2 protein chains.
Amino acid sequence: MRSITVLLVDDHFVVRSGLKALLGTQPDIQVVAEAASGEEALAMVEEHSPAVVVMDLAMGAGMDGIEAIRRIRERNGRQAVLVFTTYDSDADIVRAVDAGAMGYLLKDAAPEEIFAAIRGAVQGKSVMSAPVASRLFQQLRNPDEVLTPREAELLSLLTEGLSNRELGQRLFISEATVKTHLAHIYAKLGVETRAAAIATAIRREGMR
Amino acid sequence: MRSITVLLVDDHFVVRSGLKALLGTQPDIQVVAEAASGEEALAMVEEHSPAVVVMDLAMGAGMDGIEAIRRIRERNGRQAVLVFTTYDSDADIVRAVDAGAMGYLLKDAAPEEIFAAIRGAVQGKSVMSAPVASRLFQQLRNPDEVLTPREAELLSLLTEGLSNRELGQRLFISEATVKTHLAHIYAKLGVETRAAAIATAIRREGMR
DNA sequence: AGCCGTATCAGCCAAAAGGCTGAGAGACCA
DNA sequence: TGGTCTCTCAGCCTTTTGGCTGATACGGCT
């Protein structure tokens, strides 16, 4: 049986080498490349065509993880992308799944969980850490409170302190549309002001 | 020459194993124990008396890293504690140094930097990543950017999403005074809007 | 006594944000 | 085909926020 080829994407050296060492203990899993940024990840996918891409969402500079997932999925659908990150933010989960992620693992996951996720991913199975799953489950029960991908994207930028104008420019939409999205976000988060939305988002959603 | 004994403290399995593999390449450094929480860290220090403790500040549950550092330093002063974390939050840096940390490294540090910090620590040398050092330096050079107690209090409430009116009511001052304080806070943080101030406060100052 | 930092307050004006209603386009699904 | 969801945009009006200038009061330091 051919071993599963894996690309690791994480901007922290120690995380990459830790993961590599960990995955190295499994005979059927082989790390064929590493990348420290979204751009590098794309190049490595191009060069090695790994079966699975294990990716951190928080990348220091340049392209973020979500965008990298989207680009990888757009190229051709043969790579399964697994998110491997520290925080279980609602917005990140929604956006990652929307971008085409096959699974969502937290960094404190047990090794067996990680192995299982990688093996499952090549067979088209979605695997996610328990806290992530429970968040999604929660969302399924209260669909009225679930942010749409676009709203999540906006909220994420909101937490960086951007104004409506800046949000519009960043997302290539009018300020009017920004205000519409914001009104929906406020309603879903149960707040009245942008300040409260930011506070809620960062505290409750784990963004930073 | 005896090798330097090290205790790794991090709640993420992969980070611990990555660091362990990395440090394993150095003949003079030996990882003698690992811990996934502050409580475990104290027990491991007790049991192994490592020369250096390499510790993440963000611990999932229970005692946080800062408190763990304090306890370790209180026991007896023979362990040098190195902070090894993801974020260079001003508040965290100050608190860690105050608690007795010997050095402050970021997780994207180069391996050589990490080795050097560990070797330096046993000789009583402080080592910190460049971004961390520059933040401390910045603070020393620009005391003008330090918030007054009242401003800090306001900023803290600000990150809870309160409006100017609410801030005034909470602090028993007029809205005009709130606006004055806010203007000073914005100037010191280098932002123009309350949203950016909240984002900056939570991210950079470590409030949450 | 005079200076400085801190905290308090006021008024005025411009800009930003928020509430409301309405509406068109595209996707998806029953 | 019709209903629903999402994303997009507009206009109008009120509230909030931010920029500016200036002022009083208290405490500590020189």
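The values are calculated or read from the model by the stated rules, or taken from the named source; none is laboratory data. Since the structure is predicted, the reported quantities are computational estimates derived from the model, not experimental observations. Heads up, the Cβs are rebuilt from the backbone with ideal geometry, glycines too, and the neighbour counts pull from every protein chain shown.
Filtering the range A:156-178 to residues that are away from DNA strand C (no atom under 12 Å from the Cβ) and touching a residue at least 40 places away in the same chain (Cβ under 8 Å) leaves A:156, A:159. Residue A:97 meets each of the listed conditions (1) away from chain B (no Cβ under 14 Å); (2) in contact with a Phe, Trp or Tyr (Cβ under 8 Å, 6 or more places away or on another chain); (3) part of a strand (DSSP E or B) apart from (3).
Count, please, the residues in the range B:184-208 that happen to be charged (D, E, K, R), within 9 Å of chain A (Cβ to nearest Cβ) and near DNA strand C (Cβ under 10 Å from one of its atoms). So that I can check it myself, show each step before the final result.
Going residue by residue through the range B:184-208, those that are charged (D, E, K, R) are B:188, B:192, B:194, B:203-205, B:208.
Still in the running and within 9 Å of chain A (Cβ to nearest Cβ): B:192, B:194, B:203, B:208.
Now drop any that are not near DNA strand C (Cβ under 10 Å from one of its atoms), which leaves B:192, B:194.
Residues that pass the stated criteria total 2.
Looking at A:125, A:188, A:179, just one residue is modelled with pLDDT of 85 or more and more than 8 Å from DNA strand D (Cβ to nearest atom), and that residue is A:188. Taking the range B:47-83 on its own, how many of its residues are modelled with pLDDT under 90 and in a helix (DSSP H, G or I)? Qualifying residue count for the region: 11. Apart from one condition, residue B:198 fits all of (1) within 25 Å of residue A:158 (Cβ to Cβ); (2) at pLDDT below 85; (3) of a type in the set (A, V, I, L, M, F, W, C); the exception is (2).
Across the range B:171-183, which residue is nearest to residue A:162 (Cα to Cα) among those that are more than 14 Å from chain A (Cβ to nearest Cβ) and surrounded by 15 or more Cβ atoms within 10 Å (Cβ to Cβ)? Give the derivation first.
Filtering the range B:171-183 down to residues more than 14 Å from chain A (Cβ to nearest Cβ) leaves B:171-177, B:179-181, B:183.
Then keep just the ones that are surrounded by 15 or more Cβ atoms within 10 Å (Cβ to Cβ); that gives B:171, B:173, B:177, B:181.
Details: B:171: 27, B:173: 28, B:177: 25, B:181: 21 Å.
So, considering only residues that are more than 14 Å from chain A (Cβ to nearest Cβ) and surrounded by 15 or more Cβ atoms within 10 Å (Cβ to Cβ), the one nearest to residue A:162 (Cα to Cα) is B:181.
Selection of the range A:1-46 for residues being touching a Pro at 6+ places or on another chain (Cβ under 7 Å) and at pLDDT 90 or above yields A:5, A:6, A:7, A:32, A:33.
Residues in the range A:21-42 that are in a helix (DSSP H, G or I) and surrounded by 18 or more Cβ atoms within 10 Å (Cβ to Cβ) were compared, and the one that is nearest to the other protein chains (Cβ to nearest Cβ) is A:22.
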